[in-house]
1. For the pair Leu46 and Gln121, how long in nm is the line joining their label points, each one 7 Å along Cα→Cβ?
2. Percent relative contact order of the chain, based on C-alpha pairs within less than 8 angstrom and at least six residues apart?
3. With axes computed from alpha carbons, what is the tilt in degrees of helix 182-194 against the longest principal axis of the chain, rounded to the nearest 10 within 0 to 90?
4. Roughly what angle does helix 48-60 make with the longest principal axis of the chain, taking Cα atoms, 0 to 90 degrees, to the nearest 10?
5. Dividing the convex hull volume of the Cα atoms of the chain by its residue count, what figure in Å³ per residue is obtained?
6. Lysines near Lys122 by alpha-carbon distance under 23 Å, same-chain residues fewer than 8 away left out - which ones?
7. Taking 30 Å as R0, compute the FRET efficiency from the Cβ-Cβ separation of Glu168 and Asn97 and round it to 0.05.
8. Highest first, please rank the peptides 87-99, 153-165 by the mean number of other Cβ atoms sitting within 10 Å of their residues.
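No value in this document is a laboratory result; all are computed from the given coordinates. These figures come from a predicted structure and were not determined experimentally. Neighbour counts run over all protein chains shown; Cβ positions are idealised from the backbone, glycine included.
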Amino acid sequence: MLKDILKDYEIILASGSPRRQRFFEDLNIPVTRDVRPVHEIFPEHLKREEITNYLSVLKAEAFDDLKENQILITSDTIVYNDGVALGKPADHQEAVNMIKALSGKDHEVITSVCFTTAKTQKILNHNTRVFFKELTVEEIEYYVTNFKPFDKAGGYAIQEWIGLIGIEKIEGSYFNVVGLPTHLVYKTIRELVQN
Ligand SMILES: Cc1cn([C@H]2C[C@H](O)[C@@H](COP(=O)(O)OP(=O)(O)OP(=O)(O)O)O2)c(=O)[nH]c1=O
């Protein structure tokens, strides 16, 4: 299995997200965590996956000291709605406004993952379409007050109450919405260590 092949490698997960760390545990892929601070600012002209590609590469730029056997993984997730990229809401009102903007329609959740070694860099992305029912103001207020989704792109988490009651369907990977297109991550790590 992949864990055996990986014994000669060190995978560094540069992510503060507990969900991304959990994915690697569940994939049975051992990682070392090393999170280095980054200002997540992107040029205004970028669109959709150009934004997440840019930010996932930016998160890798703090690592210019990789050894031969190390594979660095960085990633970024945005909610893309009506041509606007939604990141994490700064406060209660911004979270409420973001969810109101997503209510009763569909939007895209885009995640990019960047794999960096001492010699190469590979970036992939995946796009999931999420369909929200029409949410009431009470439902939105209840969710934001009780779940405080300030660490979630777009101000919501599909894996929480709002996802259970409000999401009618999705097209694409569920895990991508939570923060990683796990099937692509597994496939890409295999390819990197077998080449
Ligand atoms: C839309 C949505 C996002 N999210 C999460 C995934 C990401 O962790 C987060 C978006 O922020 P990101 O900036 O992609 O990631 P992060 O700051 O949590 O971690 P790091 O940059 O250190 O890797 O929102 C959910 O958990 N559920 C959801 O339904």
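1. 1.1 nm
2. Working: 353 pairs, mean separation 41.5, N = 195.
Reported as a whole number, the value is 21 percent.
3. 10 degrees
4. With both axes taken from Cα atoms, the answer is about 50 degrees.
5. 116 Å³
6. By straight Cα distance, Lys122 reaches Lys3, Lys7, Lys47, Lys59, Lys67, Lys187.
7. On the way: r = 21 Å, r/R0 = 0.71.
About 0.90, to the nearest 0.05.
8. Values: 87-99: 17.3, 153-165: 19.6.
So the peptides 87-99, 153-165, ranked by packing, come out 153-165, 87-99.
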